[in-house]
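What follows is a single structure, written as structure tokens, with notes after it.
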Amino acid sequence: MSAAPAPACPHRRAWLRAAAAGVAAGPLAGWPGLALAGRQAEEPLADAVRTALSASIANSAPPQPRFDRIEDRIAYLRWLGEMSDRLKKRKSERQTRIEFLETLWYESKRASLEPALVLGLVQVESGFRKYAISVAGARGYMQVMPFWARVIGDGDASRLFHMQTNLRFGCVILRHYLERERGDLFMALGRYNGSRGRAEYPNAVMGARRQWLMPGQT
């Protein structure tokens, strides 16, 4: 589905400058009352888009990464250990923490998303709470609205509390919004949160993202 080019606005230009300079604000800085839970708007989907999204969700596979090069596997294990240490204060039980990170990495890569970006989004949306529910009814780690279960899933919104299901839906939805916005991350994040064109939510996610970058990443 094609989309009109993202409109230029002062907030967006400022955000792009900050992101390019690597100085995006922290996730809660300066925005009292910031709504952290996503509220994606239900929009008409072309049949081809609906079919593609449904296929992305239905094609289940366990989060078992495969690597063609030993260097890639070593980098993944280094990432897993580093992120596990950083996440320890939020998820104290090691096995739960590792399973979460393995699944998030797998679903991020499956949707061609950066794991640090998805970790930042989860931090802002739910604070890494599996059973978080927003006042709008969004559910789980990535605060997926229940209508998505009807639109592209099997209709069972309770499955949005299942870890891999929630992360898969969230990553597929964010990838869909990125494609709708022609790769414009600022606008895609705003659409994910239901605040398209406003800077607060993209700033919060990008600020949180910086906490999950590996050393040397920008």
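Descriptive notes on the structure:
- Single condition P115 does not satisfy, out of (1) in contact with a Leu (Cβ under 7 Å, 6 or more places away or on another chain); (2) open to solvent by less than 10 Å² (accessible area, probe 1.4 Å); (3) under 25 Å from F67 (Cα atoms); (4) not charged (D, E, K, R): (2)
- Applying a threshold of 6 Å to beta carbon distances and a minimum spacing of six or more residues, or different chains, the list of pairs starting in the stretch 153-172 at a residue that is under 10 Å from M142 (Cβ atoms) and ending at one that is open to solvent by less than 40 Å² (accessible area, probe 1.4 Å) and acidic (D, E) reads L167/E107; R168/E107; C171/E107.
- Candidate set: the stretch 181-218, residues that are basic (K, R) and more than 16 Å from M145 (Cβ to Cβ); chosen: the one most open to solvent (accessible area, probe 1.4 Å): R182
- Candidates T165, T103 - the one that is under 30 Å from I74 (Cα atoms), assigned to a helix (DSSP H, G or I), open to solvent by 10 Å² or more (accessible area, probe 1.4 Å) and among the hydroxyl-bearing types (S, T, Y): T165
- Selection from the stretch 69-100 of residues that are assigned to a helix (DSSP H, G or I) and closer than 15 Å to Y141 by Cβ: M83, L87, T96, R97, E99, F100
The values are calculated or read from the model by the stated rules, or taken from the named source; none is laboratory data. It should be emphasised that the depicted structure is a prediction, and the values quoted were computed from it without experimental measurement. Cβ: placed from backbone, ideal geometry, glycine included. Neighbour counts: every protein chain shown. The protein model used for the area step is the full one, side chains on, heavy atoms only, and it has no ligands, DNA or RNA in it. Shrake-Rupley method; radii C 1.70, N 1.55, O 1.52, S 1.80 Å.
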